[in-house]
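Colleague: One structure, pasted below without further comment.
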Amino acid sequence: MGRCRGRCTGRCSLVVICSFQLAAALERQVFDFLGYQWAPILANFLHIIAVILGIFGTVQFRSRYLILYAVWLVLWVGWNSFIICFYLEVGHLSQDRDFLMTFNTSLHRSWWMEHGPGCLVTPVPNSPLAPDDHHVITVSGCLLDYQYIEVVSSALQVFLALFGFVYACYVSKVFLEDEDSFDFIGGFDSYGYQPPQKASHLQLQPLYTVGDVSTPKGAKRRIADDQEASV
């Protein structure tokens, strides 16, 4: 009873974590689409698929899906760690290399750069720095800079992924133990189940009567001798 209760608690907790991950990933996907961040869009799409597989594996007792989900979370933590280092410009990373996020297909950056809380966007007309079909803007008055918003979002993803990884390993371990404890050849023998046994091993013999036309002659003679002897 305690084991089943623990398994149910782990499954429920993992489903809740996956639900939070799915909601956070969908929210992040929307803002990355608005900012034309193609690399994060692709990563978010793969993450959403992995989280759905994790939920399916948890509900349907599929340990293989949970293992795949756990492996992806390791890659997901690495990707979000890279994003944190990118926006904080750790080491040789620089936000001027925006092609790392946009695959060099646009000049857009994070959507929060222009739409952050309290940000005031001022266009600079006829700027010599503006490329073709683009304009230069200045952003001021932001209560929180866009790079810190991206860092907080990635840190939240890492936090959820760590919890998801721990619970995925635990639940998959429980599922594997349950699969090993079940004897697929003998059924539930390992759980104390015993098939019904025969009460006796008596061999049935044919019963013949004198008046039976199907009784062999030798059998009729033996029956008659037995009757004479009894008299």
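The values are calculated or read from the model by the stated rules, or taken from the named source; none is laboratory data. On a predicted model such as this, the values are computed, not experimentally measured, just so you know. Cβ atoms come from the backbone with ideal geometry, glycine included; neighbour counts cover every protein chain shown.
Colleague: Can you pull out every residue in region 79-107 that is modelled with pLDDT under 70 and either part of a helix (DSSP H, G or I) or not polar (S, T, N, Q) (or both)?
Modeller: Those that are modelled with pLDDT under 70 and either part of a helix (DSSP H, G or I) or not polar (S, T, N, Q) (or both): ASP96, ARG97, ASP98, PHE99, LEU100, MET101, THR102, PHE103, LEU107.
Condition check ((1) over 21 Å from GLY116 (Cβ atoms); (2) small (Gly, Ala, Ser); (3) modelled with pLDDT of 95 or more; (4) in contact with an Asp or Glu (Cβ under 8 Å, 6 or more places away or on another chain)) across all residues:
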| position | (1), (2), (3), (4) |
| --- | --- |
| CYS12 | yes, no, no, no |
| ILE41 | no, no, no, yes |
| LEU46 | yes, no, yes, no |
| THR58 | yes, no, no, no |
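Colleague: Tell me which residues, restricted to region 137-157, are aliphatic (A, V, I, L, M), surrounded by 18 or more Cβ atoms within 10 Å (Cβ to Cβ) and touching a residue at least 40 places away in the same chain (Cβ under 8 Å).
Modeller: Scanning region 137-157 gives a single hit, VAL151.
Colleague: How many of the residues making up region 108-121 are in contact with a Ser or Thr (Cβ under 7 Å, 6 or more places away or on another chain) and at pLDDT 80 or above?
Modeller: Of the residues in that region, 1 qualify.
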